[in-house]
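The values are calculated or read from the model by the stated rules, or taken from the named source; none is laboratory data. On a predicted model such as this, the values are computed, not experimentally measured, just so you know. All Cβ positions, glycine included, derive from the backbone under ideal geometry; neighbour counts span all protein chains shown. Ligands, DNA and RNA are stripped out before the accessible areas are found, and what is left, the full protein with its side chains, is counted by its heavy atoms. Shrake-Rupley method; radii C 1.70, N 1.55, O 1.52, S 1.80 Å.
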Amino acid sequence: MGDMKCLLLLLCAGVTVSTAVDLQKRIINGSSCGSKERRYHVKLIVSNGKKDFFCGGSLISESYVLTAAHCWEDGWEMTAFLGVHPGPPEGVKITEHHIYNDTNGNHDIMLLKLPQPTQIPYVALPNKKKCDNRHKLKTVRVAGYGATTIGPKGTKGKDKPKELQCADFPVVNCQKYQKGLPGSNDTYARYLFNGQTKTVDTAPGDSGGGVVHKCRIYGVHSFSGVNACTANAGFMDICEYMPWIKEKVDLGFLNKVSNKALSKIGGKCLNP
């Protein structure tokens, strides 16, 4: 990964990101997710009555969805479709959202509260031990609805698959390039990790989708390059936000049990 690519990715990850419409992401050259995989995946559709765009998200409790902050547009209407994979989906209106912010402004991570608790199984969050060892991750799995093809001159396709697409991304590290680069943002660098492969990529629609390893969610998809398979995909590091998540969300008995059970059975999914 060259210095300039890492710089561009860091610039994309700052507070002053582009609009949600510009940053939508989808999976290219992925494959259909298993029928019991990603039941916690949420499809978010945002509309102003004239234009629609969509993002992904993940159920992390009976009442909360974790997604990317740039998927929210003030004044637009957001609908969360639960149980979209394998279906049938249930659409609910979102009226309450929480975006993480600090002295540097908003970060690209957001919690959405459902109007009613759901019975759909949700994904397990990493416990402290898993967060402490997250830098040893080699591969993560990303999912989304959207383009599966590459167009002319490496552009991202416009097809829309009916089935949720999954793809594995090797984890890569740009930290050695970050410090000292003109315009680099060391403050936000620690909130990110990256994935890249020459064969698959994300494209407009998958922003906010869960970045998962062995049934636990470690990241939220934030951004990727303009052309297919040429730059890293950037993921917000959930472990950096766990105190905030715990403050906002009642993780509930089931999430605690899932974390304990997963640690004992080597990461095999209780609710894939």
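Surface listing: Thr95, Thr118, Thr139 arranged by accessible area from highest to lowest gives Thr95, Thr139, Thr118, probe 1.4 Å. Length gained on full extension, Arg190 to Glu73, computed as 0.36 nm times the residue gap minus the Cα-Cα distance: 39.5 nm. Taking every Cα-Cα distance in segment 64-141 and sorting them into 10 Å bins starting at zero, the pair-distance distribution P(r) comes out as 14, 37, 35, 14, 0 percent.
Given 0.36 nm per residue, what is the gain on full extension from Thr139 to Lys246 after removing their alpha carbon distance, in nm?
35.9 nm
Which pairs in the list Lys129/Lys162; Lys43/Lys136; Lys93/Lys130; Lys93/Lys246; Lys36/Lys138; Lys93/Lys162 are over 28 Å apart, alpha-carbon to alpha-carbon? Result: Lys129/Lys162; Lys43/Lys136; Lys93/Lys130 exceed 28 Å.
Of the whole protein surface, Arg38 contributes about 0 Å² of accessible area at a 1.4 Å probe radius.
Ranked by the mean number of other Cβ atoms within 10 Å per residue, highest first, peptides 66-73, 85-92 order as 66-73, 85-92.
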